[in-house]
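Contents: one structure, followed by commentary.
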Amino acid sequence: MRALIAILPGDGIGPEVTHQAMRILTSIAERFGHTFEFREAPIGGAAIDRTGRALPDQTLALCRRADAVLLGAVGGPAWSDPDAKVRPEQGLLQLRRALGLFANLRPVRVHPALAERSPLRTERLVGVDILFVRELAGGIYFGGRPRVQVDATTQAAADLCTYNNHEIERVVRVAATLARRRSSRLVSVDKANVLETSRLWRSVTSSLLAREFPDITLEHVLVDAFAMHLLHSPSAFDVVVTENMFGDILTDEAAALAGSIGVLPSASLAGTPQADRQEFGLYEPIHGSAPDLAGRDAANPIGAILSAAMMLRYSLGLEREAEAVERAVEQAIGDGVRTADMAGPFEPVTGTEGAGAAIANALETAFEQRIAEGVA
């Protein structure tokens, strides 16, 4: 396979973790006979400094030509003025909208070796394997947000949350399709006891599943109750679908289950993933830019590397290669690779470069073993 991959390193630790993901993708290409062409472009704060815009035209043009996009992170204190007209996060929101990315997939799995790093008791983490599907292109993040001067001493602001039935149907269809490949169970999270958008969400979701996915067991859960259940009994959930803001908050909460936000990947897709068709997507770790760690060889590259594995699966149709990367990450963690965010009080700390090298070595060892067994 030949593929053009747009690399948007972004800000803070973004360049460091994307470099390690590219390292693993290069190894995959060499071992499995693919050709991956990487082209870099600025986004976020780095783009603002260079061009005055968070999403330059040339960056968007590259992403539109590419088969997939790998992004590091955006933002940092250098661009955090709340009154600034241009902010790094605007570049990411604009990119999602321009590329038609509406379904954000965030898998949360707990590696047994990292269970003690979670604030939850380890027995509650057994069997945790949740796939969150977050609506990404609508809701309160994309609604109007007027601010008005009511009188001499009073200001008022509003943020408008809007959804239509088509926006809801397309993301729920993604979630139901993925649930069908897993346990055929789907939880939809809303706030239907208060919000009209959630009442529409619940009605549309129920109707769609009855019509197109009668084999899927659907459960509706209010967002506040779900936030509690996620910490009390996380293994009870499999595939979870929810709107934009709820998904943003809940997936960061779920990161605590894995022991570190640094190990979690994500995929933002422009369509429903099918076994016989690849979907264009943007892939990024869910951690932030962590500017205090930048340039110190202290960032965790695993989230970026697992995001690259999701790219192999969903946008390039390379399931065997995606599984090889995931197994290499599991092996490296099992062998004791611990960046600072993963390490216990008496465990040696591995740097960004060392973690990437360990995963690359695990990938190489597994490949050589398969050759020896005649199955590569």
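Coordinate-derived values only; no laboratory data. Computed from a predicted model, the values in this text were never measured in an experiment. A quick note on method: Cβ atoms are made from the backbone with ideal geometry, for glycine too, and the neighbour counts reach across all protein chains shown.
Worth a mention:
- Computed over the alpha-carbon pairs of the stretch 240-284, the distance histogram in 5 Å steps reads 5, 17, 20, 24, 18, 12, 4 percent, short to long.
- Taking other C-beta atoms within 10 angstrom as a stand-in for reagent exposure, Phe346, Phe38 fall in the order Phe346, Phe38, fewest first.
- Ordering Met1, Met311, Met22 by the number of other Cβ atoms within 10 Å of each residue's own Cβ, fewest first, gives Met1, Met22, Met311.
- Equivalent-ellipsoid semi-axes of the chain, from the Cα gyration tensor, Å, largest first: 32, 26, 22
- Per residue, the convex hull spanned by the Cα atoms of the stretch 119-258 amounts to 119 cubic angstrom.
- Given charges at beta-carbon only (K, R positive; D, E negative), |dipole| of the stretch 67-208 in Debye: 560 debye
- Square roots of five times the Cα gyration tensor eigenvalues for the stretch 260-368, Å: 26, 18, 10
- Ordering of 279-291, 25-37 by burial proxy (mean other Cβ atoms within 10 Å per residue, highest first): 279-291, 25-37
- Computed helical MRE - 222 nm, the chain, DSSP H runs ≥ 4 contributing -39500 (n - 2.57), nearest 500: -13000 deg cm²/dmol
- A Förster radius of 51 Å combined with the Cβ-Cβ distance from Thr162 to Glu353 puts the calculated FRET efficiency at roughly 0.65.
- Descending semi-axes in Å of the stretch 1-109, equivalent ellipsoid built from Cα gyration tensor: 26, 15, 14
- Given R0 = 41 Å, the distance between the Cβ atoms of Ala343 and Gln149 translates into a calculated FRET efficiency of 0.20.
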